[in-house]
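*Asks:* The structure is given below, and queries will be raised subsequently.
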Amino acid sequence: RLTLEAENERLLAVMADAKRAKGDADAATEALSREARAAAAQAAAQAASMRRELETARAEAERAREVSATQLEAHLRGQAELAQFKANADRELTQLKADAAQAAVEAEAA
């Protein structure tokens, strides 16, 4: 009977150790789970921040392209206006030379 009681006490002690070990394992699992959730939340926040930065960079690049396109259009318009002005000036100069030659012919005839 004593051996049975001793065995019973030993089994109760083993069961208590097992309960403690299970509690420790549950606590460790919960702690790891909390850490994993916190790390996932931090990663999600960083990803959102990186997405915002990327969108900002894309918007800035688009604005720069628009400004460049506008500046190029203005430059090309200026070049076209300058070419038109030069063509008009060349025509007027040619006409003035022709008029001067005609005047010289008329002056010589008179």
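The values are calculated or read from the model by the stated rules, or taken from the named source; none is laboratory data. Given the structure is predicted, the values throughout are model-derived calculations rather than measurements. In this analysis, Cβ positions are derived from the backbone assuming ideal geometry, glycine residues included, and neighbour counts consider all displayed protein chains. Please note that ligands, DNA and RNA were not included when accessible areas were found on the heavy atoms of the full protein model with its side chains. Shrake-Rupley method; radii C 1.70, N 1.55, O 1.52, S 1.80 Å.
*Asks:* Select from the range 57-110 the residues that are small (Gly, Ala, Ser) and open to solvent by 90 Å² or more (accessible area, probe 1.4 Å) and list them in ascending order.
*Replies:* The one that is small (Gly, Ala, Ser) and open to solvent by 90 Å² or more (accessible area, probe 1.4 Å): ALA110.
*Asks:* Would you mind stating whether ARG65 is within 29 Å of the chain's Cα centre (by Cα), modelled with pLDDT under 95 and part of a helix (DSSP H, G or I)? Show your work before the answer.
*Replies:* Values: within 29 Å of the chain's Cα centre (by Cα): yes; modelled with pLDDT under 95: yes; part of a helix (DSSP H, G or I): yes.
For ARG65, the condition - within 29 Å of the chain's Cα centre (by Cα), modelled with pLDDT under 95 and part of a helix (DSSP H, G or I) - is met.
*Asks:* Restrict the check to the range 38-49 and report whether at least one residue is open to solvent by 70 Å² or more (accessible area, probe 1.4 Å), part of a helix (DSSP H, G or I) and either in contact with a helix residue (DSSP H, G or I) (Cβ under 8 Å, 6 or more places away or on another chain) or among the hydrophobic types (A, V, I, L, M, F, W, C) (or both).
*Replies:* So far as the range 38-49 goes, no, none of its residues is open to solvent by 70 Å² or more (accessible area, probe 1.4 Å), part of a helix (DSSP H, G or I) and either in contact with a helix residue (DSSP H, G or I) (Cβ under 8 Å, 6 or more places away or on another chain) or among the hydrophobic types (A, V, I, L, M, F, W, C) (or both).
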